[in-house]
Amino acid sequence: MPSLKDLRNRIASVKATRKITKAMQMVAAAKLRRAQEAAIAARPYAERMDAVLANLAGGVTNREGASPLLVGTGKSDTHLLVVMTAERGLCGGFNTNIAKLARADAIRLMAAGKKVKIMTVGRKGADNLRRDLGKSIVDRADLRNVRSLSFADAEGISNKILGMFDAGEFDVATLYFSEFKSVIAQKPTALQVIPAKVPEAKAATGKSHTAAAVYEYEPDEETILGLLLKRNISTQVFRALLENAASEQGARMSAMDNATRNAGDMINKLTIKYNRMRQANITKELIEIISGAEAL
């Protein structure tokens with residue numbers, strides 16, 4: 001049984017931990033607002049990029065000489081999984097859920113006879129996948145020193161992906177990240193970027209039912225599409241980074257809130273135990289004093 005001193009030390013230790021978790025919760029809450037605004041602001045741009053690609057790809061896909069970024073290499077033997085996680089932990093199941101989705105897809109692909117290569121963005125993804133899929137990790141992007149994400153960071157990652165594709169190192173590339181829904185909900189997502197998953201061109205926009213506008217492109221559609229496909233990869237990587245940043249702060253805020261509450265509950269239980277033990281010791285000492293006085 002712990003002594004009164006041990007209980008006092010444990011109570012002081014849990015109180016110090018509660019201060020840390022509370023501070024981390026407040027910091028995450030402050031960062032979440034900016035990260036959420038950035039993620040939400042990037043969504044319309046990415047959606048509009050999809051719409052433009054759909055319009056262009058409709059008349060180019062079936063032509064000879066179409067870009068491999070759009071139609072693929074004609075095979076799907078080698079898959080590149082770009083697993084995007086955080087550089088730090090203490091954010092609940094955020095990193096684990098993304099790695100779990102990527103691991104399940106990697107195992108499924110390898111069972112089907114495909115070759116899997118993994119590029120990790122963020123230290124926690126590499127740590128999580130190293131034990132089971134360490135031999136498949138071929139590259140890693142380090143964003144530890146990046147304090148504020150920019151499009152240049154996404155371009156650096158997309159250039160690595162395009163360089164590997166141009167060298168014939170893979171046939172299909174998929175991004176793994178967490179889509180931000182709310183503070184308590186983040187959805188692990190897999191998004192194929194090579195060949196591009198172009199949505200079908202819609203004949204109507206919004207609530208109107210008018211026919212889609214006809215565009216004339218200068219220079220030709222193939223040239224513009226070739227540039228936009230590369231730009232689209234950078235855009236999707238940037239969007240994934242922003243979604244991850246917002247999801248990470250939301251998950252950390254929720255996890256630290258739970259930790260603070262649990263620390264408070266533990267302090268209450270230890271305090272009750274301490275008071276009961278202290279009362280028992282006082283009662284025991286009084287009984288000994290009274291017994292000694294009666295013996296005299």
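The values are calculated or read from the model by the stated rules, or taken from the named source; none is laboratory data. These figures come from a predicted structure and were not determined experimentally. Virtual Cβ from ideal backbone geometry, glycine too; neighbours counted across all protein chains shown. Each accessible area value is taken on the protein alone, full model and side chains, heavy atoms only, with ligands, DNA and RNA left out. Shrake-Rupley method; radii C 1.70, N 1.55, O 1.52, S 1.80 Å.
Does segment 74-93 contain any residue that is touching an Asp or Glu at 6+ places or on another chain (Cβ under 7 Å), assigned to a helix (DSSP H, G or I) and buried (at least 16 other Cβ atoms within 10 Å of the Cβ)?
So far as segment 74-93 goes, no, none of its residues is touching an Asp or Glu at 6+ places or on another chain (Cβ under 7 Å), assigned to a helix (DSSP H, G or I) and buried (at least 16 other Cβ atoms within 10 Å of the Cβ).
Checking the structure you have, find out if any residue of segment 124-132 is acidic (D, E) and over 21 Å from F238 (Cβ atoms).
Within segment 124-132, the subset acidic (D, E) is 127, 132.
Still in the running and over 21 Å from F238 (Cβ atoms): 127, 132.
Checked segment 124-132: at least one residue is acidic (D, E) and over 21 Å from F238 (Cβ atoms).
Tell me the residue from A201, A185 that is at pLDDT below 80 and either touching a Gly at 6+ places or on another chain (Cβ under 6 Å) or within 20 Å of C91 (Cβ to Cβ) (or both), please.
A201
Could you tell me whether segment 37-53 includes any residue that is touching a Gly at 6+ places or on another chain (Cβ under 9 Å) and either closer than 30 Å to S148 by Cβ or open to solvent by less than 50 Å² (accessible area, probe 1.4 Å) (or both)? Steps first, answer last, please.
Filtering segment 37-53 down to residues touching a Gly at 6+ places or on another chain (Cβ under 9 Å) leaves none.
Within segment 37-53, none of the residues are touching a Gly at 6+ places or on another chain (Cβ under 9 Å) and either closer than 30 Å to S148 by Cβ or open to solvent by less than 50 Å² (accessible area, probe 1.4 Å) (or both).
All but one of (1) assigned to a helix (DSSP H, G or I); (2) surrounded by fewer than 19 Cβ atoms within 10 Å (Cβ to Cβ) hold for A28, so report the exception by its number.
Against the list (1) assigned to a helix (DSSP H, G or I); (2) surrounded by fewer than 19 Cβ atoms within 10 Å (Cβ to Cβ), A28 comes up short only on (2).
So which residues in segment 225-275 are within 14 Å of the chain's Cα centre (by Cα) and among the charged types (D, E, K, R)?
R239, E243, E248, R252
Consider K284 carefully, then state whether it is among the basic types (K, R), loosely packed, with under 12 Cβ neighbours inside 10 Å, out of contact with any His (no Cβ under 7 Å at 6 or more places or on another chain) and at pLDDT below 90.
It is true that K284 is among the basic types (K, R), loosely packed, with under 12 Cβ neighbours inside 10 Å, out of contact with any His (no Cβ under 7 Å at 6 or more places or on another chain) and at pLDDT below 90.
Which condition breaks for L4 when tested against (1) at pLDDT 80 or above; (2) within 25 Å of A173 (Cα to Cα)?
That leaves (2) as the condition not met.
Yes/no per residue for (1) surrounded by 17 or more Cβ atoms within 10 Å (Cβ to Cβ); (2) in contact (Cβ under 8 Å) with a residue 60 or more places away in the chain; (3) closer than 17 Å to N244 by Cβ:
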site: R130; (1), (2), (3): no, no, no
site: L133; (1), (2), (3): yes, no, no
site: V138; (1), (2), (3): no, no, no
site: R144; (1), (2), (3): no, no, yes
site: I157; (1), (2), (3): yes, yes, yes
site: G163; (1), (2), (3): no, no, no
site: V172; (1), (2), (3): yes, yes, no
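Residue check: is L270 assigned to a helix (DSSP H, G or I), open to solvent by less than 50 Å² (accessible area, probe 1.4 Å) and closer than 30 Å to V83 by Cα?
no
If we scan segment 139-152, do we find a residue that is touching a helix residue (DSSP H, G or I) at 6+ places or on another chain (Cβ under 8 Å) and part of a helix (DSSP H, G or I)?
Within segment 139-152 (the criterion being touching a helix residue (DSSP H, G or I) at 6+ places or on another chain (Cβ under 8 Å) and part of a helix (DSSP H, G or I)), the answer is yes, since at least one residue qualifies.
Among the residues of segment 95-121, how many are in contact with a strand residue (DSSP E or B) (Cβ under 6 Å, 6 or more places away or on another chain) and not β-branched (V, I, T)?
Looking only at segment 95-121, we keep the residues that are in contact with a strand residue (DSSP E or B) (Cβ under 6 Å, 6 or more places away or on another chain), and these are 97-98, 101-102, 106, 109-110, 114-121.
Filter once more, so that each one left must be not β-branched (V, I, T): 97, 101-102, 106, 109-110, 114-115, 117, 119.
The qualifying residues number 10.
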